[in-house]
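The values are calculated or read from the model by the stated rules, or taken from the named source; none is laboratory data. Note that this is a predicted model, so its numbers are computed, not measured. Every residue, glycine among them, receives a Cβ derived from its backbone with ideal geometry; neighbour counts consider all protein chains shown.
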Amino acid sequence: MTRLFYCFLAVCLFSLPAELLAKGNVITGNYKVNGVCEQCKARIEAAAYVKGVKYADWNVDSHNLTLKYDSTKTSADVILKSIVKAGHDVGNYTATLEDYNKLPSCCRYRTAGKMH
């Protein structure tokens, strides 16, 4: 029983520093992303999940994208450019007309009355 306890303690002690180091590289960011619906939400979140992204959630009403990512594996720039390539404007990044026009017509947020 004592041996099992010491093995458990050793595993806990050796895994704790790795867990703490991993959390030190995780960055949380919030970005405004243009879109209009649940279909946009699915597309934006899918585009955001590049290697290193731990969490991506886009709110349809507020247009706010919350990201959590490992800064040793990716950057906000890489993630946002992936979303722009999917046709959605993000902050200072604007989707090309070609990428924007690939969006379904119901998702074209630049149309009068859809952009917030």
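Taking the stretch 23-76 as the range and being among the charged types (D, E, K, R) and either over 20 Å from ALA95 (Cβ atoms) or surrounded by 14 or more Cβ atoms within 10 Å (Cβ to Cβ) (or both) as the test, the residues that pass are LYS23, LYS41, ARG43, GLU45, LYS51, LYS54, ASP57, ASP61, LYS68, ASP70, LYS73.
This table checks each residue for (1) touching a residue at least 40 places away in the same chain (Cβ under 8 Å); (2) assigned to a loop (DSSP other than H, G, I, E, B); (3) loosely packed, with under 14 Cβ neighbours inside 10 Å.
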| residue | (1), (2), (3) |
| --- | --- |
| VAL78 | no, no, no |
| GLY87 | yes, yes, no |
| ALA95 | no, yes, no |
| GLU98 | no, no, yes |
| THR111 | no, yes, yes |
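Summed over the stretch 45-68, the residues that are hydroxyl-bearing (Ser, Thr, Tyr) and assigned to a strand (DSSP E or B) give a count of 2.
Note on the stretch 66-116: residues that are more than 20 Å from the chain's Cα centre (by Cα), at pLDDT 95 or above and β-branched (Val, Ile, Thr) total 1. For the stretch 32-40, state whether one or more residues are outside any helix (DSSP H, G or I), in contact (Cβ under 8 Å) with a residue 12 or more places away in the chain and of a type in the set (Val, Ile, Thr). The answer is yes, given that some residue of the stretch 32-40 is outside any helix (DSSP H, G or I), in contact (Cβ under 8 Å) with a residue 12 or more places away in the chain and of a type in the set (Val, Ile, Thr). When LEU16, LEU20 are screened for being at pLDDT below 60, assigned to a helix (DSSP H, G or I) and surrounded by 10 or more Cβ atoms within 10 Å (Cβ to Cβ), only LEU16 passes.
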